[in-house]
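Novice: What follows is a single structure, and I will ask about it in a moment.
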Amino acid sequence: MLLEAGAFCADRWRHLGDDEAVPEDETVTVSYARWTRERAALTRRNAPLGLRLPNDVAPLVLGEDVHRFAVIVLDFPRFTDGRAYSQARLLRGRLGYRGSLRAAGNVLRDQLLFMRRCGFDSFEVGERAVAENWLAAFDELDVFFQPGEDRMPWVLRQRRAVA
Amino acid sequence: MAQSGPVRLVTGNRLRDGVPVYYAGPGRWSPAIADARLLAEEAAAAALAALEAETLPRPVVAPYLIDAEIASDRIRPASLRERIRAFGPTV
Amino acid sequence: MYRYDAFDQRFLEERVAQYRDQVRRRLAGQLSEEEFKPLRLMNGLYLQLHAYMLRIAIPYGTLAPEQMRMLAHVARRYDKGWGHFTTRTNCQFNWIKLEETPDILADLATVQLHAIQTSGNSFRNTTADPWAGAAADEIEDPRPYCEIIRQWSTLHPEFSFLPRKFKIAVSAAKEADRAAVKVHDIGLYLRRDEAGDVGFEVLVGGGLGRTPILAETVRDFLPKRHLLSYLEAILRVYNQHGRRDNLYKSRIKILVQHLGVARMREAVEAEWAAIDKAALALTDDTIADFARHFAPPDLAPVPEADAAFAAALASDKQFARWVEHNTARHKVPGHAIVTLSLKPYGRPPGDCTAEQMDLVADLAEDYSQCEIRLTHEQNIVLPHVCRSDLWALWCRLGPAGLATANIGLVTDIIACPGLDYCSLASARSIPIAERLSRHLAAREDDIGELKIKISGCINACGHHHVGHIGILGVDKNGEEFYQITLGGSADQDAALGSIIGPAVPSAEVTNAIDRLIEVYLSQRVAGERFNDTYRRIGAAPFKAALYAPRPAREPAYAA
């Protein structure tokens with residue numbers, strides 16, 4: 001299940017295993033390892049494609065290829081492993097990625113706002129998210145002390161605007 | 001109590017206030033180590049497993065086993081750390 | 001000092017509400033301890049041996065009187081009537097209930113205090129020189145930059161789950177480093193370039209703990225406008241490449257050691273080159289906005305010749321002694337920087353009762369332009385006292401137990417709470433401090449400046465690595481032993497102490513320190529302090545004295 005655009009919805013994407021045949025018309029994600037091995041074939045495909053990037057790969061290696069992916073999935077193997085936050089910011093801010101940026105793995109309610117601010121717009125969650133109303137997490141803070149990728153204003157600039 | 005010598009017991013910290021507590025029987029925890037239920041080895045491991053399988057919220061955080069001994073009819077934890085937990089700071 | 005505006009206050013109130021809900025969900029079972037622990041650590045709440053411990057942030061060690069009174073209120077209302085000031089200039093309370101912490105944070109928020117990020121794997125308290133704004137040797141007050149860093153590092157979405165904690169210190173007086181800059185993850189020395197423009201020398205990779213290391217310079221001069229973007233570059237390199245597999249290898253110092261400072265510098269500069277600097281640039285206007293909060297107080301210079309003061313010094317030896325040890329020259333003539341000792345003989349270092357806190361608040365209002373500072377050596381500073389007020393101030397200290405005239409002396413011991421309170425500890429530290437303090441009090445003037453620092457475990461919260469004499473508690477088969485180091489220093493001559501030999505059993509620590517001091521006293525030449533003598537004669541004489549054959553009835557040291 002996904003948390004996306006302020007609502008819970010079904011996940012239209014399928015995470016394809018490295019040994020599964022790539023379907024022509026389905027929305028599937030492939031691993032980074034597979035992308036590097038089969039790039040030529042995958043770029044010839046017409047249907048939207050997603051990429052799963054491990055959290056120890058520098059996003060900059062993708063270069064212009066980022067724009068080929070309708071969705072990029074970043075990983076939080078444990079919620080305390082914060083490498084994907086930097087990956088997200090680099091994808092959005094440095095590479096200008098405009099597709100869907102999804103958080104997967106150990107995604108918990110109290111990190112959702114941090115994730116959004118780093119540029120994530122989609123979150124893989126379980127039933128617990130509905131039962132515990134994780135959507136409320138996004139409204140807990142509206143004052144930010146640093147710029148993020150979500151275009152929210154930050155205090156240092158807001159002060160000068162108000163003064 | 002009639003026993004003497006080394007024993008095991010279960011302790012943890014109470015969730016709501018962090019106070020060290022000792023397992024005193026099913027559903028019972030006491031801040032007084034004198035109330036601790038003394039367990040033989042197999043029973044100790046089983047008790048701990050049962051506690052960890054309880055549904056949330058568990059009233060006690062991260063229970064674990066400690067060694068203690070009975071001396072002059074009192075329960076005395078084997079380690080200095082657990083004695084300080086049971087009886088308070090030494091300063 | 002910094003005063004919150006509507007943005008700051010709104011943020012704090014939202015944060016308190018967010019935390020209150022996190023506690024509610026924990027108590028209701030919606031959050032497991034594993035999920036909740038990093039959240040409560042982000043709010044400075046540890047689960048310790050006897051209760052929860054709350055670590056309240058005192059940003060760069062600066063406090064207003066109403067804030068000090070609020071700490072007294074917390075001590076009385078929620079704890080056992082006292083608190084503890086730490087080597088990171090924060091305030092700890094040891095008997096806290098989780099269920100009361102939302103109310104405590106709400107109370108703190110009314111005076112712009114909080115416990116945000118005093119623990120957890122993110123930015124900790126950015127510390128500064130406790131004499132900032134009062135010392136003659138600083139280029140300018142570093143605290144506006146500390147406040148800028150504090151705000152930028154608060155709940156930073158990219159850097160809230162770093163491999164490990166992150167500590168920054170700022171000093172504007174490199175030749176008299178009172179902020180221990182070189183043992184921080186990032187150290188910043190405020191300086192001027194040839195053109196006279198203000199900027200920073202940036203050091204990276206210092207730290208204590210299991211692998212103590214001094215920070216190295218990655219950039220000689222960073223223009224002040226680029227402070228935040230450069231910090232972002234360093235943090236991004238660390239967040240991506242710092243180790244996450246081993247708790248004891250995950251600070252940035254390990255990364256710097258692994259890469260070497262040259263490759264670390266390359267990585268940081270490469271990331272910085274790609275960062276959009278305009279987004280984080282600090283304009284002169286913005287810096288001036290912050291600097292206004294730290295404008296120096298209006299102190300009128302007073303003539304140096306002061307008959308009344310001279311008379312008081314002559315008539316009261318105890319007062320004279322206190323002035324000699326506990327006061328320092330202020331940059332404005334006729335004024336003094338006063339240090340109040342929280343090291344009464346034979347008592348736990350750094351502890352402070354609610355009554356003492358209230359008194360310090362009064363004294364700050366009466367004599368120190370409503371400013372209070374804390375030092376990384378666990379003492380309190382009143383930074384702006386007129387010399388003509390020193391006598392009246394001192395007279396009020398005695399009855400409150402705050403008049404100990406021992407700043408920098410051997411009884412001015414730094415110690416962490418240790419195994420009496422802390423669940424991370426291997427051994428106790430407070431009883432060692434108390435015993436040494438009682439034992440050495442009578443000889444402290446003769447011994448002179450000597451900094452003893454005691455840690456109860458390898459995490460080194462007592463900063464033992466940078467003590468002239470450092471003492472580290474270890475557990476050997478369930479017994480408390482103490483490793484002694486010599487020659488450490490936290491100031492501009494920063495140095496890490498060297499282990500002198502095998503650890504000493506608890507009962508022998510006083511005797512061991514006696515022997516070391518005896519070597520110093522017998523070997524020192526005129527004017528030499530402990531570290532001067534140690535560096536001149538080396539470790540051998542100390543080692544020989546410490547481990548000399550002992551009478552048969554005394555126990556041997558552990559191998």
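Novice: In the list A:Phe138, A:Phe114, which residue meets the criterion of being more than 30 Å from A:Arg45 (Cα to Cα), within 8 Å of chain C (Cβ to nearest Cβ) and modelled with pLDDT of 95 or more?
Specialist: Just a single option satisfies the conditions, and that option is A:Phe114.
Novice: Okay, moving on. Across region C:94-121, which residue is surrounded by the fewest Cβ atoms within 10 Å (Cβ to Cβ) among those that are more than 22 Å from the chain's Cα centre (by Cα) and not hydrophobic (A, V, I, L, M, F, W, C)?
Specialist: C:Thr110
Novice: Can you spot a residue in region A:58-81 that is touching a Cys at 6+ places or on another chain (Cβ under 6 Å), free of Cβ contacts under 8 Å to residues at least 40 places away in the same chain and at the interface with chain C (Cβ under 8 Å from one of its Cβ atoms)?
Specialist: No, every residue in region A:58-81 fails to be touching a Cys at 6+ places or on another chain (Cβ under 6 Å), free of Cβ contacts under 8 Å to residues at least 40 places away in the same chain and at the interface with chain C (Cβ under 8 Å from one of its Cβ atoms).
Novice: Filter region C:1-17 down to residues that are more than 8 Å from every other protein chain (Cβ to nearest Cβ), in contact (Cβ under 8 Å) with a residue 40 or more places away in the chain and not acidic (Asp, Glu), then give me how many there are.
Specialist: 7
Novice: Now, a different point. Mind listing just one residue for me: the one in region C:25-40 that is of a type outside the set (S, T, N, Q) and free of Cβ contacts under 8 Å to residues at least 12 places away in the same chain and, of those, nearest to the other protein chains (Cβ to nearest Cβ)?
Specialist: Among residues in region C:25-40 that are of a type outside the set (S, T, N, Q) and free of Cβ contacts under 8 Å to residues at least 12 places away in the same chain, the one nearest to the other protein chains (Cβ to nearest Cβ) is C:Gly29.
Novice: Residues A:Ala104, A:Ala40: which one is touching an Asp or Glu at 6+ places or on another chain (Cβ under 9 Å) and either surrounded by 15 or more Cβ atoms within 10 Å (Cβ to Cβ) or more than 14 Å from every other protein chain (Cβ to nearest Cβ) (or both)?
Specialist: When all the criteria are applied, what remains is A:Ala104.
Novice: With the condition kept exactly as written, say whether any residue in region C:346-353 is within 14 Å of chain B (Cβ to nearest Cβ), over 28 Å from C:Val183 (Cα atoms), out of contact with any strand residue (DSSP E or B) (no Cβ under 9 Å at 6 or more places or on another chain) and modelled with pLDDT of 95 or more.
Specialist: The answer is yes; a qualifying residue exists.
Novice: For region C:177-196, name all the residues that are under 17 Å from C:Tyr60 (Cα atoms) and among the small types (Gly, Ala, Ser).
Specialist: Passing the criteria: C:Ala179, C:Ala180, C:Gly187.
Novice: Can you tell me which residue is farthest from the other protein chains (Cβ to nearest Cβ) among those in region C:242-284 that are out of contact with any strand residue (DSSP E or B) (no Cβ under 7 Å at 6 or more places or on another chain), buried (at least 18 other Cβ atoms within 10 Å of the Cβ) and not hydrophobic (A, V, I, L, M, F, W, C)?
Specialist: Among residues in region C:242-284 that are out of contact with any strand residue (DSSP E or B) (no Cβ under 7 Å at 6 or more places or on another chain), buried (at least 18 other Cβ atoms within 10 Å of the Cβ) and not hydrophobic (A, V, I, L, M, F, W, C), the one farthest from the other protein chains (Cβ to nearest Cβ) is C:Lys249.
Novice: Tell me, yes or no, whether region A:51-62 has at least one residue that is surrounded by fewer than 20 Cβ atoms within 10 Å (Cβ to Cβ), out of contact with any Lys or Arg (no Cβ under 7 Å at 6 or more places or on another chain) and among the polar types (S, T, N, Q).
Specialist: No, region A:51-62 contains no residue that is surrounded by fewer than 20 Cβ atoms within 10 Å (Cβ to Cβ), out of contact with any Lys or Arg (no Cβ under 7 Å at 6 or more places or on another chain) and among the polar types (S, T, N, Q).
Novice: Separate question: Scan region C:435-447 and give yes if some residue there is touching a strand residue (DSSP E or B) at 6+ places or on another chain (Cβ under 6 Å) and buried (at least 23 other Cβ atoms within 10 Å of the Cβ), otherwise no.
Specialist: Scanning region C:435-447, I find no residue that is touching a strand residue (DSSP E or B) at 6+ places or on another chain (Cβ under 6 Å) and buried (at least 23 other Cβ atoms within 10 Å of the Cβ), so the answer is no.
Novice: I would also like to ask the following. I'm trying to understand the selection: among the residues of region C:398-407, which are of a type in the set (Gly, Ala, Ser) and part of a loop (DSSP other than H, G, I, E, B)?
Specialist: C:Gly401, C:Ala403, C:Ala405 - these are the residues of region C:398-407 that are of a type in the set (Gly, Ala, Ser) and part of a loop (DSSP other than H, G, I, E, B).
Novice: In region A:88-101, what count of residues is obtained for those that are over 22 Å from A:Val28 (Cα atoms) and buried (at least 20 other Cβ atoms within 10 Å of the Cβ)?
Specialist: Of the residues in region A:88-101, 2 are over 22 Å from A:Val28 (Cα atoms) and buried (at least 20 other Cβ atoms within 10 Å of the Cβ).
Novice: Another question, then. Tell me the residue from A:Gln111, A:Gln146 that is under 30 Å from C:Ala281 (Cα atoms), of a type in the set (S, T, N, Q), part of a loop (DSSP other than H, G, I, E, B) and out of contact with any Lys or Arg (no Cβ under 6 Å at 6 or more places or on another chain), please.
Specialist: Result of the check over A:Gln111, A:Gln146: A:Gln146.
Novice: While we're here: Restricting attention to region A:117-132, and to residues there that are more than 10 Å from chain C (Cβ to nearest Cβ) and more than 17 Å from the chain's Cα centre (by Cα), which single residue is farthest from C:Phe290 (Cα to Cα)?
Specialist: A:Glu127
Novice: While we're looking at this one, here's another question. Has region C:179-190 got any residue that is under 25 Å from A:Arg78 (Cβ atoms), touching a strand residue (DSSP E or B) at 6+ places or on another chain (Cβ under 6 Å) and at pLDDT 95 or above?
Specialist: Within region C:179-190, one or more residues are under 25 Å from A:Arg78 (Cβ atoms), touching a strand residue (DSSP E or B) at 6+ places or on another chain (Cβ under 6 Å) and at pLDDT 95 or above.
Novice: Out of region A:117-135, which residues are charged (D, E, K, R), at pLDDT below 95 and either surrounded by 17 or more Cβ atoms within 10 Å (Cβ to Cβ) or part of a loop (DSSP other than H, G, I, E, B) (or both)?
Specialist: A:Glu132
Novice: Turning to a different aspect of this structure: Checking the conditions here, which among C:Lys453, C:Lys476 is touching an Asp or Glu at 6+ places or on another chain (Cβ under 9 Å), at pLDDT 95 or above, among the charged types (D, E, K, R) and not assigned by TED's automatic domain parsing to the domain that holds C:Glu324?
Specialist: Exactly one residue qualifies, and that residue is C:Lys453.
Novice: Just to be sure I understand the filter: pairs with C-beta atoms under 9 Å, separated by 6 or more residues or on different chains, first member in region C:384-413 and assigned by TED's automatic domain parsing to the domain that holds C:Arg373 and more than 20 Å from C:Arg347 (Cα to Cα), second member acidic (Asp, Glu) and not in a helix (DSSP H, G or I). Which pairs pass?
Specialist: Matching pairs, first to second residue: C:His384/C:Glu371; C:Arg387/C:Glu304; C:Arg387/C:Asp306; C:Ser388/C:Asp306; C:Trp391/C:Asp316; C:Trp394/C:Asp316.
Novice: Conditions: (1) within 11 Å of another protein chain (Cβ to nearest Cβ); (2) under 21 Å from B:Arg14 (Cβ atoms); (3) crowded, with 20+ Cβ neighbours inside 10 Å; (4) modelled with pLDDT of 95 or more. C:Arg20 meets all but one. Number of the miss?
Specialist: For C:Arg20, the failing item is (3).
Novice: Please identify the pairs in which a residue from region A:1-21 that is assigned to a loop (DSSP other than H, G, I, E, B) has its Cβ atom under 9 Å from the Cβ atom of a residue that is surrounded by fewer than 12 Cβ atoms within 10 Å (Cβ to Cβ) and among the charged types (D, E, K, R), counting only partners at least 6 apart or on another chain.
Specialist: What qualifies is A:Met1/A:Glu127.
Novice: Moving to a separate point now. Looking at C:Leu231, is it closer than 29 Å to A:Phe76 by Cβ, part of a helix (DSSP H, G or I) and either touching a strand residue (DSSP E or B) at 6+ places or on another chain (Cβ under 7 Å) or not polar (S, T, N, Q) (or both)?
Specialist: So C:Leu231 fits the description; yes.
Novice: Which of (1) in contact with a Ser or Thr (Cβ under 7 Å, 6 or more places away or on another chain); (2) more than 9 Å from chain C (Cβ to nearest Cβ); (3) buried (at least 17 other Cβ atoms within 10 Å of the Cβ); (4) over 28 Å from C:Leu31 (Cα atoms) is the odd one out, the single condition B:Ile70 does not satisfy?
Specialist: Single failed check for B:Ile70: (3).
The values are calculated or read from the model by the stated rules, or taken from the named source; none is laboratory data. Treat the numbers as computed from the prediction; the structure is a model and nothing was measured. Every residue, glycine as well, gets a Cβ built from its backbone with ideal geometry; the counts of neighbours run over all protein chains shown.
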